[in-house]
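The structure under discussion appears below in the form of structure tokens.
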Amino acid sequence: MRISRSVVLSSSLLVASLALAAEVDPTTLYKITTDGTSAEVAPGKKGTLVLEIQSLKGAHVSDEAPLRIQLSGTGAVTPEKTQLVYGDSVRKPSASVKYPDPRFEVPLDTQGKGPGTVEAKMVFFVCTEQLCLRQQKTLSVPVTVE
């Protein structure tokens, strides 16, 4: 039986990628911030959820692999959009920045008074020159209406 070079090469690349992925902690390649989110909002006024994935160590968030964020609100806070994708980012690629860090700014509706939270369930891929790794994160952001 004869094995072609392309099969051997493909298998070798797959094994090397898996070995490299095992050595890299993907959580060291990015951080998620909510800096700029409205912590307190007056009743009947709109707040803003700011959600940013900041890449570190030469990594980037893939603009080709799926990026999905599901938003939901509890208490006195409701996000105006409940589904976000990479194209919803306020930062766009340019001639000088091929992979801008995705930043989302979502208006928040308020009803009544009291504490609330915005929950974000995130799925995205963080990549280096050697590999792309799927990430799943959930975070809750407190917002008080008073």
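The values are calculated or read from the model by the stated rules, or taken from the named source; none is laboratory data. This one's a predicted model, so the numbers in the text were calculated from it and none came from an experiment. Cβ: placed from backbone, ideal geometry, glycine included. Neighbour counts: every protein chain shown. Heads up: the accessible areas ignore ligands, DNA and RNA and are worked out on the full protein's heavy atoms, side chains in. Shrake-Rupley method; radii C 1.70, N 1.55, O 1.52, S 1.80 Å.
Close Cβ contacts (under 8 Å, 6 or more residues apart or on different chains) running from residues in region 100-114 that are among the small types (G, A, S) to residues that are surrounded by 20 or more Cβ atoms within 10 Å (Cβ to Cβ) comprise G112/A76; G112/V145; G114/A76; G114/V145.
Specify the residue that is most open to solvent (accessible area, probe 1.4 Å); the eligible residues are those in region 66-80 that are part of a loop (DSSP other than H, G, I, E, B) and farther than 13 Å from K46 by Cβ. Residue satisfying both the conditions and the ranking: P66. Looking at region 127-139, is at least one residue in a strand (DSSP E or B), free of Cβ contacts under 8 Å to residues at least 40 places away in the same chain and either of a type outside the set (G, A, S) or open to solvent by less than 70 Å² (accessible area, probe 1.4 Å) (or both)? The answer is yes; a qualifying residue exists. Look at region 65-78: where a residue is at negative phi and a partner is basic (K, R) and not in a loop (DSSP other than H, G, I, E, B), sitting 6+ places away or on another chain with Cβ atoms under 6 Å, you get Q70/K121.
One residue stands out among those in region 11-54 that are assigned to a helix (DSSP H, G or I) and open to solvent by 70 Å² or more (accessible area, probe 1.4 Å): the one that is modelled with the lowest pLDDT, which is L13.
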